Amino acid sequence: MSDYTVDEIMCTTLASRFQDGDEVCNGMASFIPVAAIMLARLMHAPGLVWLAGAAGLDPRPERVPASTLEAPLWRDSVMYLEQYSDFWHYAQNGRNLGIFCVGAAQLDMYGNANNSVIGSDYHRPKVRLPGTAGLGDMGSLGKRLFYWNTNHNPRALVEKVDFRSAAGYLDGGDERERLGLGPGPEVVVTNLAVLDFHPESKRMRLVSVHPGVTVEQVQEATGFELLLPDGDVAETATPTEEQVHLLRDRIDPDGLCKREAGVARP
Amino acid sequence: MSKVMSIEDAVALVEDGNVVALQNMATQAAPMALVRELIRQEKRNLGLVCLVGGIAVDWLAAAGVIDRFIGAAVSMETFGLCQQYRKAVEEGRVHVEELSETALNARLGAGARNLPSLPTRGLIGTDILAVNENLKTFEDPFTGETLVACRALVPDVALVHAHRADEQGNVQYEPTILWPDVGIFPKAARRTIVTVEEIVDSEVLRRNPDRTVLPGFRVDAVVEVPYGAHPTSFYPRYGYDARFHIDWTKVSRDDEQAQEFLRRYVREPETHADYLQAAGGAERLIEVTRL
C-alpha cells in the first residue's frame, strides 16, 4: 500500500467517479475536485470535458492555482463561456454539463444542501452563509451532484438542513420524480468515507470507509442514522503510487488540497 | 456627446435608496473605485445587486451604505466569508433577497426586455421559494409543468469596470471571462456608470468592434480609473491583491478595526493615486500585475 494523505484519497475517489467524456464543472474554493478532474484527465479520462469555474472550457492550468475561481485556473482554455448567455443556456438544457462538484455547509440524509443560513429564523440567522449561488439551480436542473466535505461531522451531515438552499431528494422516495426533477445527488466523498443514496428510499448510504476508519466512527460523525450496504462495508480503494506522484509533484505541488483538508504536508 | 466625468460627479448620479447592480465575482472585477466613492459620499439605504459579491459588499455593509442585498452569494472565496456583511445580516441591518444564478439572470433578463417576469426551472423544491416574494411557481400554459416566475428587476444604476471606452461611452473588454455584470446588468438598469482602465480614441475601438460589449447609448458616465478594480482582479491586466484581502480579513471581525481600515483606505485618501499609495504603491501594483 502506498503512502498517501486524506486529501489524496478524496481526490482519487472523486476522480474514479468520472468517466471519459463526462462534462464536469467546478465552483469556487474547490481544490480537491479540481485536482480530481486534472488527475482523471491525466489518467483514465483524457476526454473529460472540464468547464473550469463554469467559465473556461478545457483549460490547461499548470497546477492547482491559489483560487479555483480566478483566471490562472482557466489558462489556455479553448473558449470562455459568458455566464449569462453561454453558460446557463448550456447548463439549463439537459443535454450538457451533467456533473457538478459542490460543497455544502450542511447536507442532510436525503442530499438536500444548505449554503444559506444556520439557525431557525431565515431573516435573523445565527450564521449567514454565502448563499445558494448556482447550487440552487443545479439541484433542480437534474444534474448529477458530487458532494465533497473535508470535515465529516454531525453539524455538517445533519438529519434535516436548517434551510434547503438546494434540492436533493427532498423528503426522499419518489418526491423528486413527482416534481419532475431529473437526476440528483450521486455521491458524497468525505475525509472518512464514501456515501451514496439508496435507489428507492433515497436515504444516504455508506459505500466504503477509508482505511483506518471504522463504520462506527463514520456513524458517530454523522447526524443521522446511515443506511449500510448489503453485506460488508467495503474499504475505499487507496491511491496508487503513480496517482500520489501525479498529485504531489505535478497537479498540486503547492499543497492546496492538503490545506483544504487540513492535513500537514508530508 | 462626451460621457466623461469625474468620479465624484458620476457617483452623484446614485441617489439614496437606489437599487445598484454591482459587477463582482468573489475576488474578481469589482469597480472598487466606485465602491469607495459610494462610501465617501455617504450614500444610504442602497439595495445592492450582485451575482457573487466579495470585499465590495463587506465594505458597503461596514460603512452602512446598503440595507438590502439581492443576489446569489457573498464570499471572498479562499479569503472566507465577508464578516461585516454577515454581521449586518445577522443583526438585521441588511435584508437578503436570495436568488439562484438563473433566478437573478431571469429577473434582470425580464427587466432588460420590459417583461413582467421570466421563468426558470432552478430552485424548485427549495426553501428559497418560500422566503422570496419575487419568485412564484406557476403552471406553464403549454405543457402544464411547474416553473418559477422571476419578477422583473430594473436596477436604478449598474456599476461596471472595463478595460477601455471612448468618450461616448462605448465600452470594450480585452479577451477575458465575462460575467452577467456586463452581459445583463447594464441592459436591465436605468443608468450605467463605467470606470475604465483607459479612455481611448474611438479609432482604437474600431479596430476590434467584436470586443465592444456595451454601446455608448446605454452608458451615462465614463470615468478613467487605472487599477480601478484593485484589490480585486482584472484580467488580463492584473490579478487580485491577496495581501490586501488578508489584511482586511484580519480586521473585519472587529467593528472598530474595520472602521479604521475604511478610514485609512477609503475615507482618507483624497485621490485614486493616494489610495493606491496607501495600499502599497508601486511595489504592490507590480506584484499584482505580474501574472
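The values are calculated or read from the model by the stated rules, or taken from the named source; none is laboratory data. This one's a predicted model, so the numbers in the text were calculated from it and none came from an experiment. Every residue, glycine among them, receives a Cβ derived from its backbone with ideal geometry; neighbour counts consider all protein chains shown.
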| remark: The lone condition A:Asn191 fails out of (1) loosely packed, with under 15 Cβ neighbours inside 10 Å; (2) touching a residue at least 12 places away in the same chain (Cβ under 8 Å); (3) among the polar types (S, T, N, Q) is (1)
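Have a look at A:Gln243, A:Gln217 and point out the one that is without any contact (Cβ under 8 Å) to a residue 60 or more places away in the chain, over 20 Å from A:Gly111 (Cβ atoms) and surrounded by 12 or more Cβ atoms within 10 Å (Cβ to Cβ).
A:Gln217
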| field | Within region A:87-104, tally of residues that are more than 10 Å from chain B (Cβ to nearest Cβ) and crowded, with 20+ Cβ neighbours inside 10 Å | value | 7
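Taking region A:172-188 only, how many residues are crowded, with 22+ Cβ neighbours inside 10 Å and not in a loop (DSSP other than H, G, I, E, B)?
Residues in region A:172-188 being crowded, with 22+ Cβ neighbours inside 10 Å and not in a loop (DSSP other than H, G, I, E, B): 3 in total.
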| Among the candidates B:Arg263, B:Arg243, residue that is at pLDDT 95 or above, under 21 Å from B:Ile7 (Cβ atoms), in a helix (DSSP H, G or I) and not aromatic (Phe, Trp, Tyr) | B:Arg263
| field | Residues located in region B:118-130, provided they are within 26 Å of the chain's Cα centre (by Cα), of a type in the set (A, V, I, L, M, F, W, C) and within 11 Å of another protein chain (Cβ to nearest Cβ) | value | B:Leu123, B:Ile128, B:Leu129
| request: For residues that are at the interface with chain B (Cβ under 7 Å from one of its Cβ atoms) and under 15 Å from B:Asp241 (Cα atoms), tally how many sit in region A:65-86. | output: 5
| query | Can you spot a residue in region B:106-114 that is of a type outside the set (Lys, Arg), under 30 Å from B:Asp201 (Cα atoms) and surrounded by 15 or more Cβ atoms within 10 Å (Cβ to Cβ)? | reply | yes
| query | Restricting attention to region B:52-72, which residues are small (Gly, Ala, Ser), at the interface with another protein chain (Cβ under 8 Å from one of its Cβ atoms) and touching a Ser or Thr at 6+ places or on another chain (Cβ under 7 Å)? | reply | B:Ala72
| request: Report, by residue number, each residue of region A:109-127 that is of a type outside the set (S, T, N, Q) and buried (at least 24 other Cβ atoms within 10 Å of the Cβ). | output: A:Met109, A:Tyr110, A:Gly111, A:Ala113, A:Val117
| message | I'd like the full set of residues that are of a type outside the set (Ser, Thr, Tyr), surrounded by 20 or more Cβ atoms within 10 Å (Cβ to Cβ) and either over 17 Å from A:Asp252 (Cα atoms) or in contact (Cβ under 8 Å) with a residue 60 or more places away in the chain (or both), limited to region A:72-86. | response | A:Leu81, A:Gln83
| Which residue pairs have Cβ atoms closer than 6 Å, lie 6 or more positions apart in sequence or on different chains, and pair a first residue in region B:1-14 that is surrounded by fewer than 16 Cβ atoms within 10 Å (Cβ to Cβ) with a second residue that is in a loop (DSSP other than H, G, I, E, B) and of a type in the set (Asp, Glu)? | B:Ser2/B:Glu167
| task | Would you be able to say whether some residue in region A:131-140 is more than 9 Å from chain B (Cβ to nearest Cβ) and free of Cβ contacts under 8 Å to residues at least 60 places away in the same chain? | result | no
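Determine which member of the set B:Val204, B:Val154 is under 19 Å from the mean Cα position of the chain (by Cα), away from chain A (no Cβ under 14 Å), more than 27 Å from A:Glu70 (Cβ to Cβ) and β-branched (Val, Ile, Thr).
B:Val154
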| note | Given (1) in a loop (DSSP other than H, G, I, E, B); (2) in contact with a Leu (Cβ under 8 Å, 6 or more places away or on another chain); (3) not β-branched (Val, Ile, Thr), A:Arg41 misses just (1)
| task | Report yes if B:Gly216 is closer than 30 Å to B:Pro116 by Cα, among the small types (Gly, Ala, Ser) and over 15 Å from the mean Cα position of the chain (by Cα), otherwise no. | result | yes
| field | Number of the condition not met by A:Thr68 [criteria: (1) out of contact with any Phe, Trp or Tyr (no Cβ under 8 Å at 6 or more places or on another chain); (2) assigned to a loop (DSSP other than H, G, I, E, B); (3) crowded, with 24+ Cβ neighbours inside 10 Å; (4) of a type outside the set (Gly, Ala, Ser)] | value | (1)
| message | Condition check: β-branched (Val, Ile, Thr), under 30 Å from A:Pro72 (Cβ atoms), in a strand (DSSP E or B) and within 14 Å of chain A (Cβ to nearest Cβ). Does B:Val49 satisfy that? | response | yes
| said: Which residue is farthest from A:Arg205 (Cα to Cα), if the candidates are limited to region A:172-181 and must be of a type in the set (Asp, Glu) and more than 10 Å from every other protein chain (Cβ to nearest Cβ)? | reply: A:Glu177
| message | Let me spell it out: the conditions are (1) surrounded by fewer than 21 Cβ atoms within 10 Å (Cβ to Cβ); (2) in contact (Cβ under 8 Å) with a residue 12 or more places away in the chain, and B:Ile286 meets all of them except one. Which number is the exception? | response | (2)
| note | Residues in region B:80-92 that are hydrophobic (A, V, I, L, M, F, W, C), within 18 Å of the chain's Cα centre (by Cα) and more than 8 Å from chain A (Cβ to nearest Cβ) total 1
| query | For residues in region A:150-170 being crowded, with 19+ Cβ neighbours inside 10 Å and among the polar types (S, T, N, Q), which is farthest from the chain's Cα centre (by Cα)? | reply | A:Ser165
| Within region B:70-105, can you find the residues that are buried (at least 22 other Cβ atoms within 10 Å of the Cβ) and part of a loop (DSSP other than H, G, I, E, B)? | B:Ser75, B:Met76, B:Cys82, B:Val94, B:Leu99, B:Ser100
| Considering only residues of region B:266-291 that are hydrophobic (A, V, I, L, M, F, W, C) and not in a loop (DSSP other than H, G, I, E, B), which is nearest to B:Arg36 (Cα to Cα)? | B:Val266
| query | Limited to region B:131-151, what total is found for residues that are assigned to a strand (DSSP E or B) and either surrounded by fewer than 21 Cβ atoms within 10 Å (Cβ to Cβ) or within 9 Å of another protein chain (Cβ to nearest Cβ) (or both)? | reply | 9
